[in-house]
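Contents: one structure, followed by commentary.
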Amino acid sequence: MIEITFLGVGEAFDEELPNTSILFCSEVGTSAVTLLLDCGSTAPPQFWKEELHVDVLDGIWISHFHGDHSLGLPALLVRFWEEQRSKALTIIGQKGIDTFTRTSLDLAYPGFYKKVGFPIRYVEVEPDNEIEVFGLSLQAAENGHSQRDLALRIDAQGKSIYYSGDGSPTPEGMALAKGSQLIIHEAFHPEIEFHGHTTVTGAIEMAKQCGVPNLALVHMQRAERRKMANRMKQIKDLAGSLNIIIPEPGYRMRV
Ligand SMILES: [Zn+2]
């Protein structure tokens, strides 16, 4: 069973909703694996509110290097140092994830990289290369975004989820999503594609074509999201039997 907690569900510059960031937890054998999916600059306080033991988090996936998906890393790492984390932390992402992490930590807190006090490991995940980490299977596909973004599929003990990061669905991403139980997709605008983002209608069409039963929509443009209540009937009509979730921060679900 996979448990998903939506820590943040917002876009880059939302004054109310924290950046999209998801806590993934799954049993693997007799133990549990916990991953954070994306860590934008406003995501760490949401993570801290969970009050997890400092060593619980096993790894962090970074979909791409825009700040609303990645620049919470320095705060998270330095607070781990402050709380005397000892367990290794695995940072997972596309090629260059190691350099990006070092550089961002150096900019935010110069000199801290060498003294965090716990090992930081890196795993690169690239398309067409299935990787096993902590007993989970990770596969990635490139999305259509203004900065190179990898969508991620995680398989754990017969269940799987797909997380878009940012960007429009691609044939490769859709092939990857097929057979999963949940798609978490950014849907920046209800109908208009811009800035390398997809739409609510585009994400619904993708999930229906992939035959995936559950679709969580995140990263909506702040003004458009406030109007979503008025559009829910139209969205549900379009979705048909597809279960649409528009989560609030802190929403938990299991697949
Ligand atoms: Zn982005």
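A few remarks follow.
- In the set (1) away from the ligand (no atom under 16 Å from the Cβ); (2) assigned to a helix (DSSP H, G or I); (3) polar (S, T, N, Q), the condition left unmet by S104 is number (1).
- Among the residues of region 77-100, just one is in a loop (DSSP other than H, G, I, E, B) and within 16 Å of the chain's Cα centre (by Cα), namely Q94.
- Flag for G93 being closer than 18 Å to D149 by Cα and either more than 16 Å from the ligand (Cβ to nearest atom) or in contact with a Cys (Cβ under 6 Å, 6 or more places away or on another chain) (or both): no
- Contact map, region 131-155: first residue at positive phi and touching a residue at least 12 places away in the same chain (Cβ under 8 Å), second residue acidic (D, E) and more than 16 Å from the ligand (Cβ to nearest atom), Cβ cut-off under 9 Å, separation 6 or more or different chains; pairs are F134/D58.
- Residue, farthest from K178 (Cα to Cα), within region 130-145, restricted to residues that are more than 16 Å from the ligand (Cβ to nearest atom) and not in a strand (DSSP E or B): F134
- Residue count for region 60-87, restricted to those that are charged (D, E, K, R), in contact (Cβ under 8 Å) with a residue 12 or more places away in the chain and away from the ligand (no atom under 16 Å from the Cβ): 4
- Scope region 146-184; condition over 30 Å from G29 (Cβ atoms) and more than 13 Å from the ligand (Cβ to nearest atom); matching residues: P169, T170, P171, E172, M174
- Here the condition is being assigned to a loop (DSSP other than H, G, I, E, B), at pLDDT 95 or above and either closer than 30 Å to S168 by Cβ or more than 17 Å from the chain's Cα centre (by Cα) (or both); of P74, P127, it holds for P127 alone.
- Search result, residues across region 120-176 that are surrounded by fewer than 19 Cβ atoms within 10 Å (Cβ to Cβ) and among the hydroxyl-bearing types (S, T, Y): Y122, S137, S146, T170
- Of all residues in region 185-216, exactly one satisfies the criterion of being crowded, with 24+ Cβ neighbours inside 10 Å, touching a residue at least 40 places away in the same chain (Cβ under 8 Å) and away from the ligand (no atom under 16 Å from the Cβ), namely A216.
- Only residues that are surrounded by fewer than 22 Cβ atoms within 10 Å (Cβ to Cβ), of a type outside the set (S, T, N, Q) and touching a helix residue (DSSP H, G or I) at 6+ places or on another chain (Cβ under 8 Å) were counted across region 38-56, and they come to 2.
The values are calculated or read from the model by the stated rules, or taken from the named source; none is laboratory data. All of these numbers come straight from a predicted model, not from anything done at the bench. Because the Cβ atoms are built from the backbone with ideal geometry, glycine has one as well, and the counts that use them run over all protein chains shown.
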